[in-house]
Amino acid sequence: MYNIESAKTSLCSGIQWDVMMNFINGKLDGTSQIYNVESVSYDRHSESTIPLTTGQNEADKVCNIYDLEGNCIEYVAEKNNYDENNPYVGRGGSSTDHTYASNRYSLGNYAKDLRSFRLALYVII
């Protein structure tokens, strides 16, 4: 998205995802419930299996970071060395599975619904 002198973006890496998990774990979500990245899943706040617009549900917001377990599995910049048929890694949760923010998935190299990505923004000063 951005590749200018003062800012750059890239696909969120697996390491950045882990750092984000450590940062938000134990913090309050938008409904003042404690967020546990190992156990919280989309079904705690939604009976729908249809993905919602980002930020539509306050339970999806932790430290102004949205939708880590409730919408789509997100591709991250991490190579899967354990499965030749699915060389990419996805993190987070899907709206159709009882999944958690900290989950890691083996993904193939094809487009599919309920898959997305998250960008990391680097501000250079």
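Since every read-out is calculated from the coordinates, none of them should be taken as a lab result. This one's a predicted model, so the numbers in the text were calculated from it and none came from an experiment. Every residue, glycine among them, receives a Cβ derived from its backbone with ideal geometry; neighbour counts consider all protein chains shown.
Here are some notes:
- Approximate spin-label separation residue 114-residue 63, in nm, with each point projected 7 Å along Cα-to-Cβ: 2.8
- Applying 1/(1 + (r/R0)^6) with r as the Cβ-Cβ distance of residue 121 and residue 84 and R0 = 30 angstrom yields a FRET efficiency of 0.40.
- Under 24 Å of direct C-alpha separation, and excluding same-chain neighbours fewer than eight residues apart, residue 27 reaches these lysines: 61.
- Ranked list, fewest to most other Cβ atoms within 10 Å of each Cβ, for 83, 18, 67: 83, 18, 67
- Inter-label distance, residue 19 to residue 6: 2.2 nm, where each label sits 7 Å from its Cα along the C-beta direction.
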